[in-house]
Amino acid sequence: MPGLVLQAQEQPPLDPGAAADNIRVGFTVSRKVGNSVVRNRARRRLRAAADLVLKEHAADGHDYVIIGRAATLGRNFVALVGDLESALHKLGKWQDPTNDNRPAERERI
């Protein structure tokens, strides 16, 4: 995605019979993006986007790493949230809490 890179890894369960039911998120922005002030601003934007998306739509039992890119700061915030949503879809970790395993209804035009 233009504004970020998303990595996901399944958490090993603590107990052999138990499934992990939480998510952990890490943020990183390299020095290539800019000085510490710029990197911290990029991390704050990524954290805000993650707060909006991951709590509702990320698959449980996974660790996520969100990597900031040079375009993270110049990207519109709505587009940055869209990048994170698209990355979750692409990794196959998207969960829709409103969908309770029913087939999607088609709209009639």
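What follows draws every value from the coordinates through simple rules; no lab data is involved. The structure presented is a predicted model; accordingly, all values stated were derived computationally and were not measured. Virtual Cβ from ideal backbone geometry, glycine too; neighbours counted across all protein chains shown.
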Lys/Arg +1, Asp/Glu -1 at C-beta; the stretch 42-102 dipole; positive extreme among GLY74, GLY61, GLN95: GLY74
Overall form of the stretch 4-90 per C-alpha gyration tensor (a/c, 1.5; a/b vs b/c): prolate
